[in-house]
Amino acid sequence: SRKVFFDTDPGCDDAVMLAMALGHDAIDVVGLSTVCGNTTIENTTRNAHAILGLGGYDVPVSRGCGRPLVDDLTTAEWIHGENGLHGDIPDADGNTRDIHGADAIVEAAHEYGDELTIAAVGPLPNLAIALAKEPRLPDLVDDIYLMGGAAMTTGNVTPMAEANFHNDPAAASRVLQDATTRMVGLDVTNHATVSPEFIEEFRTADGIRGTVAQWLDYRPDSGTYPLADAPAIHDAAVVADIIDETVLTFEEYYLEVDTTGGPCHGAVICDEYGTTDNEPNSRVAVDIDVDRYREVLEAGVRAYAAE
Ligand code: BDR
Ligand code: CA
């Protein structure tokens, strides 16, 4: 199985992703760092413990950044619920480690080396700081996946920007400069929906499945949102590809993140047609096998929710 360290801001789709990763045999979750994003760092850290506790998993949790590197914090309780997770939050009594999330990423890279995959599925201040503290990080580990950005499609929190990159454009920019990553953005994750039948099966069940159903079927409390009819479990697309590399198709492109504070703040500029002389600096997910994605997601989440 592949050793994976998650940097995450749970968040309903983060919660489904963690359930899937914890449950699936092909992944060994070696640690988590939390970050502000969908909600405050207090809530995302509590939620991480709640998700682990509900499934009966013991994974070390380190609390990370409570605000972006440069910008002010914006949160998204209107999508993910007042506490960052819809429904009642299970009680959790897990301990948070006495080491910052950014340091926990560096520590895991040294401990597991090229056996380790890092999956960062929230805003990126922890990973940006980890790269500043340990510039060799990309060479130490096997792979770094990001859920964030939108290379060839439009945004979800502003017309041009995706939420994780828009939340901390300085960090996203830094990460793309400091590491060759796999960027899994809205280009593919807008299609990473689950079937209504799967949601219905969980919704009508008691116990763990009933709780997970509320994470699967997250919707905005008010207002409009492009994904309201079929919630996309964005972060789970990363885990599906770590489990089965045929799920996503990647192409290499030169990317930058706009940090200029205008209407494209936090947007990805992708040199799709090679109009600059810049060499590709990223692998960008451009296609998703939705059927295979759903199979892998369902297998992992079912195993997590088995009582
Ligand atoms: C991303 O932003 C958050 O709302 C989700 O958890 C996901 O990581 C999607 O734009
Ligand atoms: Ca997330």
Exercise for the section: Specify which residue in the list THR193, MET17, GLY55 is farthest towards the positive end of the charge dipole of the chain, using unit charges on the beta carbon of Lys, Arg (+1) and Asp, Glu (-1), about the Cα centre. Expected result: GLY55
Exercise for the section: Give a residue-ordered list of calculated ³J(HN,Hα) values for the stretch 260-272 (Karplus: 6.51 cos²θ - 1.76 cosθ + 1.60, θ = phi - 60°; whole Hz; x for Gly, Pro). Expected result: 8, x, x, x, 9, 3, x, 7, 8, 9, 10, 7, 4
Problem - Dipole in debye (nearest 20) - the stretch 1-158, about Cα centre, beta carbon charges: Lys, Arg +1; Asp, Glu -1 - result: 220 debye
Exercise for the section: Taking amide H positions as placed in the peptide plane 1.01 Å from N, state which residues far from ALA150 in sequence (5 or more) or on other chains have amide H under 5 Å from it. Expected result: GLU162, LEU186, VAL268
Exercise for the section: Once you have a ≥ b ≥ c as the square roots of the Cα gyration tensor eigenvalues for the chain, tell me rounded if a/c is under 1.5, and otherwise prolate or oblate according to whether a/b is larger than b/c. Expected result: rounded
Exercise for the section: Give, rounded to the nearest 20 debye, the magnitude of the charge dipole that the stretch 158-215 has about its Cα centre when Lys and Arg contribute +1 at Cβ and Asp and Glu contribute -1 at Cβ. Expected result: 140 debye
Fill in the blank from the handout: Answer in debye to the nearest 20: the dipole magnitude of the chain about its Cα centre, from +1 Lys/Arg and -1 Asp/Glu charges placed on Cβ, is 500 debye
Exercise for the section: Decide, for the stretch 7-114, between rounded, prolate and oblate: order the square roots of the alpha carbon gyration tensor eigenvalues as a ≥ b ≥ c, take rounded if a/c falls under 1.5, and otherwise choose prolate if a/b is larger than b/c, else oblate. Expected result: oblate
Handout entry: Net charge, LEU116 excluded, C-beta distance under 9 Å - Lys, Arg +1, Asp, Glu -1
Key = -3
Completion exercise
So ASP206 and ILE99, fully extended at 0.36 nm per residue minus their Cα-Cα distance, gain in nm 34.9 nm
Exercise for the section: Please give the net charge around ILE99, taking every other residue with its beta carbon less than 11 angstrom from that of ILE99, where Lys and Arg add +1 and Asp and Glu add -1. Expected result: -1
Problem - Packing-based exposure ordering (other Cβ within 10 Å, fewest first) of THR204, THR45, THR189, THR154 - result: THR204, THR154, THR45, THR189
Handout entry: For the stretch 148-220: Kirkwood Rh in Å [reciprocal of mean 1/r, alpha carbons]
Key = 14.3 Å
Problem - Sequence-distant residues sharing a close amide H with ASP7 (under 5 Å, placed H) - result: SER33, ALA119, ALA120, VAL121
Problem - Around GLY210: net Lys/Arg minus Asp/Glu count, Cβ-Cβ under 13 Å - result: -4
Practice task
Report ³J(HN,Hα) in whole Hz for each residue of the stretch 102-108, in order, from the Karplus equation J = 6.51 cos²θ - 1.76 cosθ + 1.60 where θ = phi - 60°; Gly and Pro get x.
Solution key: 4, 5, 5, 5, 4, 4, 5
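Readers should treat all values here as calculations from the given coordinates under stated rules, not as data from a laboratory. Just so we're clear, the structure is a prediction, and the values are computed from it rather than from any experiment. We place every Cβ from the backbone using ideal geometry, glycine too, and count neighbours over all the protein chains shown.
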